[in-house]
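Laboratory data are not the source of any read-out in this text; all were calculated from the coordinates shown. Given the structure is predicted, the values throughout are model-derived calculations rather than measurements. Counting neighbours? That spans all protein chains shown, and the Cβs are built from the backbone with ideal geometry, glycine included.
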Amino acid sequence: MRKLPFILAMFILPCMACKHDSFKPTSNITDVPDPTGPAITLSNFPLTIGNMWVYDNGDTMRAVSDSTINGVAVTRLVVSNSGHQASFYCANKADGFYIVASNMKYDFNYLTCPLSGILNVTDTLQVPAPSVLYAKYPIDTATQWNPHNPGWVNAQKQWMGYYVVTTPAGTFNCVALNSGGLIEYYSSKGLVKTKEIIECITGPCPPLTEKLIYVNF
């Protein structure tokens, strides 16, 4: 994703030697393709207040409150891990799922906190214009889009196809979203798995993965 790391030092140092490319093909996706897909239709992210997700790296994500930013109705998603916390103010619109604001300076490419932003937490909300189009609806695996991310100018997003993904929280019919080496698997329960494909100066790096271990709805 990258979400807040379970052990901060274990992840920051390796990532300082890595780089993210713009768009990656599907060759690194090893989860089971769903030959009967689409087995899932997504038109929103589940932003109901009280929803909670727990991941195997120690991250917990909660939908905690509703508010309005620049006239847009948003829900605050709080991601916390080992004393760190970040807030993302999100909105479901007819054409997609948007990140309208965050208290992280450079992290609008991610639903949750990437490593590069952990030390950049600020109390001042960052409100990019236009808002970041995180996931485009309806799902179309033939179309790429620019999320209008202020920190990742060259990043493109694309729905990559349908998969059956097994996690400690269960087995889910998912659709995969590629954000330039960051692959996220979404079900009707929200984000159930991520896989980050990275390139290291010192040689090949194994993908960094995170899986859902608990969801309360």
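Which shape class applies to region 143-217: rounded if a/c is under 1.5, otherwise prolate when a/b exceeds b/c and oblate if not, where a ≥ b ≥ c are the square roots of the Cα gyration tensor eigenvalues?
Numbers: a/c = 2.17, a/b = 1.35, b/c = 1.60.
Taking the square roots of the gyration eigenvalues as a ≥ b ≥ c, region 143-217 is oblate.
Give me the number: length gained by fully extending Ile201 to Ala73, i.e. 0.36 nm times residue separation minus the C-alpha to C-alpha distance, one decimal in nm. Working shown, then result.
Numbers: separation 128, 0.36 × 128 = 46.08 nm, distance 4.29 nm.
Answer, rounded to one decimal: 41.8 nm.
What is the distance, in nm, between label points placed 7 Å from the Cα along the Cα-to-Cβ direction at Thr171 and at Ser188?
Going from the Thr171 label point to the Ser188 one covers 1.7 nm.
Can you run phi through the Karplus equation (6.51, -1.76, 1.60; θ = phi - 60°) for region 85-94 and list ³J(HN,Hα) in whole Hz, with x for Gly and Pro?
Running phi through 6.51 cos²θ - 1.76 cosθ + 1.60 with θ = phi - 60° gives 8, 9, 10, 10, 9, 10, 9, 8, 10, 4 Hz.
Sorting Arg76, Arg62 on the 10 Å Cβ count, fewest up front, what's the list?
Numbers: Arg76 20, Arg62 17.
The order, fewest Cβ neighbours first, is Arg62, Arg76.
What percent does the relative contact order of region 124-217 come to when contacts are Cα pairs within less than 8 Å and at least six residues apart? Don't skip to the end; give the middle numbers.
On the way: 162 pairs, mean separation 16.2, N = 94.
Relative contact order for region 124-217 comes out at 17 percent.
Label-point separation (nm) for Ala142 and His84, each offset 7 Å from Cα along Cα-to-Cβ?
4.1 nm
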